[in-house]
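To start, the structure itself, in structure tokens.
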Amino acid sequence: MNATSPIEQSRHGQDALTVAQAQTLIRQAITPINAVENVTLYGALDRILAADIISPIHVPAHDNAAMDGYALRGADLAVAGETRLHIIGQAYAGHRHEGVIGKEQCIAVTTGAIMPDDCDTVVPHELVQQTADIIAIPTDVIKTGDNRRRTGEDLTAGAPALRAGRRLKPADLGLLASLGIASVPVRRKLRVAFFSTGDELRSLGETLDPGNIYDSNRYTLFGMLTRLGCELIDMGVVKDNPATLEHTLQQACEQADVILTSGGVSVGAADHTREIMAKLGDVAFWKIAMRPGRPLAFGSIAMQNKRVFLFGLPGNPVATMVSFYFFARPALLQMMGATDEPLPLLRARSETAMRKKPGRTEYQRGILSLAADGAPCVRITGAQGSGILRSMSEANCMIVLPHESGNVDVGDEVSVIVFDGLV
Ligand code: AMP
Ligand code: MG
């Protein structure tokens, strides 16, 4: 980042940045890590694919039966009245029927059996009457081509099956296996160093003196970073002491691709985080027009030919999480080489009235459910203070009130981002 970088320009701005502006500045500054490693499928879940995967084969490799039943020649189906066919053999999945299937003949097949060359249609068992080696098919229950899976209908040889940048899901592992691919190139895991700052913080197992609180941010960060598939470097709690902070940042810089801290980034904070971050690197301290999560530090620290990105998240526990999700998460995915997949915004009817000033984005913690009429509806999880972590814990979604919007009345539609998905 040089003197004319967007970060540098925004550093001097008096006004708060909008969420979208901050996201854009971060996106422009981030560069992905390029290192690639090969992993077997069992190690590939949630990893970022480093190259396009081209299908080496057709899937399926042959036309095959989509149902248990009888493979027949569509031309034999009677235009009116019942069709009677002779069963002359069978083809079960994995076994090909050898020999010709002539006029008014059929063979018994199971799902997945290769379609004989002479046949183009499968009639399911339950639609026919079988007597000895004759089946009777009522009129109009099937037509030519029914219940036949075509060669390559899933994947065609030579076509891209999965694109580089994809975060591999369970279905992708199955898809790769269906192509006979046992290992894939993925980006190496991102190394993330994280620590909490504050004299008042105590680690678990320590006793709390008056004014002390337990450090919770390190645990929410641990959870969020683990979900993203990062390699974690836990640097503990760092006191508001310039020398310790500088030493910790330097150590983090040696080991990590990116550093996440919480606390000490707001204006007038009685600590030294801002000062040391600014001394060690090109770090901007932003005011962002949002709630919760107004202060955010972003930039990089350069050391021994290495540039490590740094996010200084606000200390209030909900603000830490919200800032992580809307600023750090997309940036980490970008560093991991993942293609941008914006989180889907759903619309839901608000059961709660919410006071909201235009001119900032608000993230309320919500509980999404279905109303009696089946429509999605959402209510907030009680008190929404940025220190009330219970609001996050009880929520199953975040209600996003956009920058320009005003008060929300009961019954108004709002946008929500759901926390957990099926996959
Ligand atoms: P700060 O941004 O350092 O001024 O912190 C803002 C508020 O968040 C203060 O009330 C801190 O005590 C609290 N806080 C900061 N870091 C943590 C943490 N790691 N765990 C829990 N609370 C924190
Ligand atoms: Mg602090």
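The values are calculated or read from the model by the stated rules, or taken from the named source; none is laboratory data. Computed from a prediction, not measured in an experiment: that's the story for all the values here. No Cβ is skipped: glycine too gets one built from the backbone with ideal geometry, and neighbour counts run over all protein chains shown. For the accessible areas, the whole protein counts, side chains as well, though only heavy atoms, and no ligand, DNA or RNA atoms are used. Shrake-Rupley method; radii C 1.70, N 1.55, O 1.52, S 1.80 Å.
Hey, with R₀ at 30 Å, roughly what FRET efficiency would D409 and V267 work out to, going by the Cβ-Cβ distance, to 0.05? Could the numbers behind the result be given before it?
On the way: r = 34 Å, r/R0 = 1.14.
Calculated transfer efficiency: 0.30.
Quick check: the angle from helix 242-255's long axis to the longest principal axis of the chain, C-alpha only, nearest 10 degrees?
30
How far is helix 217-227 tilted, in degrees, relative to the longest principal axis of the Cα atoms in the chain, given as a value from 0 to 90 rounded to the nearest 10?
So the inclination is approximately 20 degrees.
Rounded to the nearest 5, what is the percent of antiparallel bridges among the DSSP beta bridges in the chain?
70
Which FRET efficiency, nearest 0.05, do L173 and A16 yield, Cβ-Cβ r, R0 51 Å?
0.70
From Cα pairs below 8 angstrom and at least 6 apart in sequence, can you work out the relative contact order of the chain, rounded to a whole percent?
Once divided by the residue count of the chain, the mean separation gives 16 percent.
Roughly what % of Cα-Cα distances in the chain sit above 31 Å, to the whole percent?
Roughly 56 percent, once rounded to a whole number.
Using 0.36 nm per residue, how much length does the chain from E341 to T151 gain when fully extended, once their Cα-Cα distance is taken away?
Numbers: separation 190, 0.36 × 190 = 68.40 nm, distance 3.12 nm.
Taking 0.36 nm per residue and subtracting the Cα distance, the gain is 65.3 nm.
Cα centroids of segment 379-393 and segment 118-155: how far apart, whole angstrom?
58
For q values of 0.17 Å⁻¹, compute log₁₀ I(q)/I(0) with the Debye formula on a Cα-only model of segment 158-294, without solvent.
-0.98
Which ³J(HN,Hα) values, rounded to whole Hz and listed in residue order, are derived for segment 315-329 from phi using the Karplus coefficients 6.51, -1.76 and 1.60 in 6.51 cos²θ - 1.76 cosθ + 1.60 with θ = phi - 60°, glycine and proline given as x?
3J(HN,Hα) across segment 315-329, in whole Hz: x, 4, x, 6, 4, 4, 5, 5, 5, 4, 4, 9, 10, 6, 4.
Return an integer: the convex hull volume of the alpha-carbon atoms of segment 64-149, in Å³ per residue.
73
Calculate, for segment 346-418, the solvent-accessible area per residue in square angstrom, rolling a 1.4 angstrom probe over the heavy atoms of the protein chains. Can you show the working numbers first?
Numbers: 3600 Å² over 73 residues.
Accessible area per residue, segment 346-418: 49 Å².
Across the chain, how many lysine pairs, 8 or more apart or on two chains, come within less than 24 Å at their alpha-carbon atoms?
Lysine pairs satisfying the spacing and distance rule in the chain number 9.
Pull up all non-local amide H partners of A353: gap of 5 or more, or a different chain, and H-to-H distance under 5 Å with H placed in the peptide plane.
Amide H neighbours of A353, under 5 Å, 5+ apart: V410.
Run the helix sum for the chain: -39,500 (n - 2.57) per DSSP H stretch of 4+ residues, divided by residue count, reported at 222 nm to the nearest 500 deg cm²/dmol.
The helix-only estimate for the chain comes to -5000 deg cm²/dmol at 222 nm.
Using the Cα centre of the chain as the reference point, and only Cβ charges (+1 on K/R, -1 on D/E), how large is the resulting charge dipole? Debye, rounded to the nearest 20.
The dipole of the chain has a size of about 1260 debye.
Could you give the alpha-carbon Rg of segment 115-163 over 2.2 N^0.38 Å, rounded to two decimals? Don't skip to the end; give the middle numbers.
Values: Rg = 15.9 Å, N = 49, 2.2 N^0.38 = 9.7 Å.
For segment 115-163, the normalised Cα radius of gyration is 1.65.
Mind giving me the FRET efficiency for E82 and D373? R0 is 60 Å, r the Cβ-Cβ distance, nearest 0.05 is fine.
0.80
Compute a Gaussian network model of the chain, connecting alpha carbons closer than 10 Å, and tell me which residue from A80, A50, A16 fluctuates the most.
With Cα springs under 10 Å in the chain, the top fluctuation among A80, A50, A16 is at A80.
Take the solvent-accessible surface of the protein heavy atoms, probe 1.4 Å, and return the percent of it on segment 11-160 that carbon and sulfur atoms account for.
On segment 11-160, the fraction of accessible area on carbon and sulfur atoms equals 50 percent.
Enter the angle in degrees (range 0 to 90, nearest 10) between the Cα long axis of helix 19-29 and the first principal axis of the Cα atoms of the chain, meaning the one along which they spread out most.
Approximately 80 degrees, to the nearest ten.
With every protein chain present, what is the per residue accessible area of segment 64-149 (1.4 Å probe, Å²)?
Solvent-accessible surface per residue comes out at 53 Å².
P(r) for segment 10-97, please, calculated from all Cα pair distances in 10 Å bins and given in %.
P(r) over segment 10-97, rounded to whole percents: 10, 19, 15, 15, 13, 12, 10, 5, 1.
Using a ≥ b ≥ c from the Cα gyration tensor of segment 346-418 (square roots of the eigenvalues), is it rounded, prolate or oblate, where a/c under 1.5 gives rounded and otherwise the larger of a/b and b/c decides, a/b for prolate?
The shape class here is oblate.
Rg (Å, one decimal) plus Dmax (Å, integer) for the alpha carbons of segment 255-347?
13.9, 48
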